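See below for the structure under consideration.
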Amino acid sequence: MNYIGCHLSAADGFENMVRTAQSIGANTFAFFTRNPRGSKAKAEDAADAAAAMELLRRGGFGPLVAHGAYTMNLCTKDDDARAFACSVLCDDLRRMAALPGQYYNFHPGSHVGQGTEAGIDYIAAALRKALAPGYPVTVLLETMAGKGSEIGGRFEELRSIIDAVGSEQVGVCLDTCHVYDGGYDRVHELDGVLAEFDRIVGLHRLKALHLNDSRNPFSSHKDRHACIGDGSLGVDTFRAIVNHPALRTLPMILETPNELPGYQREIELLHGLRFS
Ligand code: FE
Ligand code: FE
Ligand code: ZN
């Protein structure tokens, strides 16, 4: 049994999100911890979180994969903006303590001209600070397509951040569209890509997947998601992923251009690709 789900709206609270997930056959899901393009977060509701945790347990859900706001750039040049991004991260991880044991995925950031090394140092410093209180959450660096000055397009960059933070609470979420777009050819070489990931980062750090097909051809660094089977990765790639011994136990989150009925169909399609 795979853990497959999609992005859901957090607007109506955690308990409602779990019920929505169940209504479309999902047994994991992702949600934005705050407005994805802003910084506003919902008021906290401990009873709602506790009710959601109980439903997750009873429903046999895999780990959830929360997503940090796109606007949170931990390695931006401006000191004040960077400090604000770090305070958002700290607050998000504190809030995740209401849902113990789940994952928090985010985009490492864009260095906007200062260089990859300086960017990596800033990201690692923010993570050390945010993880210091010991909240029960594992943070996941998302593999990026390498657009502009985005950090995280190369496995080596993720490894450098992980080494600089020095915590077991840092893992990786591999986005299939981003990795293919970033120049790792998993259509023809899934095992080769995973071997490279294992050599550079270590497969034990791989905690979750974003399942997206790609609108663009291999290595185009554009980051445009397509529905499963409609892009250049194709259904065979996803069949290999849901059956792969190193991947099939991980939570898999769809970020395809869909509403709920489309997600429901894709979840069904993906479960149907399992050999056993
Ligand atoms: Fe993302
Ligand atoms: Fe993603
Ligand atoms: Zn993307």
Accessible area of segment 17-146 belonging to carbon and sulfur atoms, whole % at 1.4 Å probe: 52 percent
Contact order normalised by residue count of segment 95-144, Cα under 8 Å, 6+ apart, percent: 62 percent
Relative counts (whole %) of C-alpha pair distances in the chain, using bins that are 10 Å wide: 7, 31, 37, 22, 3, 0
Chymotrypsin sites (Phe, Trp or Tyr not before Pro) within segment 59-102, DSSP loop, no more than 15 other Cβ atoms inside 10 Å: Tyr70
Whole-number accessible area per residue in Å² for segment 1-99, which is evaluated in the context of all protein chains at 1.4 Å: 45 Å²
Residue-averaged 222 nm ellipticity for the chain, from DSSP H runs of 4+ at -39500 (n - 2.57), nearest 500: -12500 deg cm²/dmol
Under 20 Å from the Cα of Lys77 - lysines, other chains or at least 8 residues apart: Lys129, Lys147
Over the chain, relative contact order from alpha-carbon pairs under 8 Å, at least 6 apart, %: 18 percent
Along the chain, longest interval not containing exposed trypsin sites (Lys or Arg not before Pro), exposed being DSSP loop plus at most 10 other Cβ atoms within 10 Å: 41-276
For segment 14-62, convex hull volume per residue from C-alpha positions, Å³: 73 Å³
Under 13 Å, Cβ to Cβ, from Thr256 - net charge with Lys/Arg +1 and Asp/Glu -1: -3
Charge tally in the Cβ shell below 11 Å around Ser220, where Lys, Arg are +1 and Asp, Glu are -1, Ser220 excluded: +2
Euclidean distance between Cα centres, segment 164-187 to segment 226-269, Å: 17 Å
GluC sites (Glu not before Pro) lying in DSSP loop within segment 239-273, provided at most 14 other Cβ fall within 10 Å: Glu259
Rel. contact order, % - alpha carbon contacts under 8 angstrom, at least six apart, segment 1-158: 19 percent
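The values are calculated or read from the model by the stated rules, or taken from the named source; none is laboratory data. Here the structure is a predicted model, which is why all the values come from computation and not from measurement. Glycine gets a Cβ as well: all are built from the backbone with ideal geometry, and neighbour counts include every protein chain shown. When the accessible area is computed, the model is the full protein with side chains, heavy atoms only, and any ligands, DNA or RNA have been set aside. Shrake-Rupley method; radii C 1.70, N 1.55, O 1.52, S 1.80 Å.
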